[in-house]
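Visitor: Before we start, here is the structure in question, set down as structure tokens.
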2 protein chains.
Amino acid sequence: MSTLSRKQREIQQREGMLLDVARKMLVEQGYAGLSMDRIAELTEYSKGVIYQHFSSKEDLVTAMAVQSLQRRVEYFSRAAAFQGRPRERMMAIGVAEELFVRLHPHYFHSELIIKMASLKERVSSERLEDLRKEQNQCFGRVRSIVQAAIDCGDLVLPPKLEQADIVVGLWSLNMGAYSLMHTDREMLVENGVTAPLTGVRVHCHALLDGYGWKPLVAEWDYENSYRRILKEVFPEECLQAGLE
Amino acid sequence: MSTLSRKQREIQQREGMLLDVARKMLVEQGYAGLSMDRIAELTEYSKGVIYQHFSSKEDLVTAMAVQSLQRRVEYFSRAAAFQGRPRERMMAIGVAEELFVRLHPHYFHSELIIKMASLKERVSSERLEDLRKEQNQCFGRVRSIVQAAIDCGDLVLPPKLEQADIVVGLWSLNMGAYSLMHTDREMLVENGVTAPLTGVRVHCHALLDGYGWKPLVAEWDYENSYRRILKEVFPEECLQAGLE
DNA sequence: ACTTTTTCCGACGACACGTCGATAATTGAT
DNA sequence: ATCAATTATCGACGTGTCGTCGGAAAAAGT
């Protein structure tokens, strides 16, 4: 006998289904087109049921963001376990992020929305706590790699920068690039930017080189590292993403 | 006699006033708290009048973003005119962005919102054209500096990167960092990131060093450049921002 | 002074969020 | 198996917002 009754398990499962339907709606129709009434209609549950799961529309969107971050943490964890120099492991995190965005754009999208609209006011405090926790998980995964690099001497912190700052720099660059792609793809193609995704990798390497994080691009065959990461850490996802 | 009648000028002026009221509301109450009815109430105009200026709520928010970009272009233009090496002029752009975000956070905020919510569907096509134009202005200002650096030999494009890519890298890093500050400041302080704004400058320098854009940080006194930029290009704004 | 055109108004319909009392289903005890 | 107690579900309702539209008011023109 499990800790939860049959009914309660059913309810828990339902939450996932509600989120799936909601996410599809969010992606197809935007935030404004995400309607609680229509979720009720499509799932053939009543609104009351939905409001037993989520205290408000904002709470629901936040739940999507939490799901997204959980998935990301999963990716990051696998990436962080890659066998290699710290900088290679950091590269693996970058690959993880890239695959994550490629394979789950709807998850990423929900994160962006919740971030922007400053919806936090109307979100239940437990959900907000979940969000915070997952975010810190992500941050922590990256941070520990930076620490490892410092410990083994591959990275000497430049003046005025702490470990956490390095994380912020990389995070900003990635986050900025991907949200740019999502929101201003039009402007990019207009300006002849054809392969923004591969671009991100190159930019990250430039940034790490700028920090003086050894081995520098000139001293190491990161193309090879890249292939190893894809093959050893994300073989399944590669196929899904259509990467060779 | 001007080309516009008195009445028409009055109407044009009114648009600015409407946007001011709306922006204040947006910043104080978030996107959800921005209500067309309340704008009408506060300005003591009818809703009909407001809908003569803006075809929808989204159109109004887009108008705010356009205003914001116009202001940014102004800042960027002044920065681009700084006398010095291309990399110094690029640094001036960074300073411009920093001051812009510091002094007009509400403008910046409206940009973020319009970007995220994929509101574009309901925006009038003229307004969308305005937005596109201003964005390209910004992009162009930065791009021409990159070109200048290439022309004078200060920058040799790394393999796999075009001029436009360099712009994208810097843009992403800045955009990402500032939106991170706006949306996740809490997470930053939790992780001991104390001075994110000065951090951005350091990260940008690292990125430019990574591109091999001469003169590198080690070869030039950019602290001095920074002081010169503040004093020569943005003396007024410095005081307002409370920078020494 | 009177007509035409422009501008302005605010009631109205449609729709969305979130609530709540009534209703149905499930559980547990006898 | 029966019935009471608890739990889960429903959907109509109140409130508020968006965007429209026909008529009132003001301005321009003659």
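Visitor: Of the residues that sit in region B:176-217 and are of a type in the set (Val, Ile, Thr) and not in a helix (DSSP H, G or I), which one is farthest from residue A:157 (Cα to Cα)?
Guide: That would be B:194.
Visitor: Within region B:121-147, which residues are among the basic types (Lys, Arg) and more than 9 Å from chain A (Cβ to nearest Cβ)?
Guide: Scanning region B:121-147 gives B:127, B:133, B:141.
Visitor: Between a residue in region B:40-60 that is under 26 Å from residue A:31 (Cβ atoms) and free of Cβ contacts under 8 Å to residues at least 12 places away in the same chain and any residue that is in a loop (DSSP other than H, G, I, E, B) and within 7 Å of DNA strand C (Cβ to nearest atom), which pairs come within a Cβ distance under 7 Å, given they are 6 or more apart or on different chains?
Guide: B:40/B:46
Visitor: Quick one: which residue in B:65, B:96, B:80 is touching a residue at least 60 places away in the same chain (Cβ under 8 Å) and in contact with an Asp or Glu (Cβ under 7 Å, 6 or more places away or on another chain)?
Guide: That would be B:65, the only listed residue that is touching a residue at least 60 places away in the same chain (Cβ under 8 Å) and in contact with an Asp or Glu (Cβ under 7 Å, 6 or more places away or on another chain).
Visitor: Something else now. Looking at (1) crowded, with 17+ Cβ neighbours inside 10 Å; (2) within 14 Å of chain A (Cβ to nearest Cβ); (3) under 29 Å from residue B:39 (Cβ atoms), which is the only condition residue B:68 fails?
Guide: Going through the list (1) crowded, with 17+ Cβ neighbours inside 10 Å; (2) within 14 Å of chain A (Cβ to nearest Cβ); (3) under 29 Å from residue B:39 (Cβ atoms), residue B:68 breaks only (2).
Visitor: On to the next question. Taking region B:11-40 as the search range and keeping residues that are within 9 Å of DNA strand D (Cβ to nearest atom) and in a helix (DSSP H, G or I), which one is surrounded by the most Cβ atoms within 10 Å (Cβ to Cβ)?
Guide: The extreme case among them is B:39.
Visitor: Residues of region A:45-68 being of a type in the set (A, V, I, L, M, F, W, C) and away from DNA strand C (no atom under 11 Å from the Cβ), which ones?
Guide: Answer for region A:45-68, where residues must be of a type in the set (A, V, I, L, M, F, W, C) and away from DNA strand C (no atom under 11 Å from the Cβ): A:63, A:64, A:65, A:66.
Conditions (1) more than 8 Å from chain B (Cβ to nearest Cβ); (2) under 21 Å from residue A:141 (Cα atoms), marked per residue:
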position	(1), (2)
A:164	no, yes
A:196	no, no
A:208	no, yes
A:216	yes, no
A:236	yes, no
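Visitor: From the list A:179, A:125, exactly one residue is farther than 30 Å from residue B:136 by Cα, assigned by TED's automatic domain parsing to the domain that holds residue A:75 and of a type in the set (S, T, N, Q). Which is it?
Guide: Step by step, each of A:179, A:125 is checked, and only A:125 is farther than 30 Å from residue B:136 by Cα, assigned by TED's automatic domain parsing to the domain that holds residue A:75 and of a type in the set (S, T, N, Q).
The values are calculated or read from the model by the stated rules, or taken from the named source; none is laboratory data. This structure is a prediction, so every number in the text was calculated from the model and none was measured. Glycine also receives a Cβ, built like all others from the backbone with ideal geometry; neighbour counts cover every protein chain displayed.
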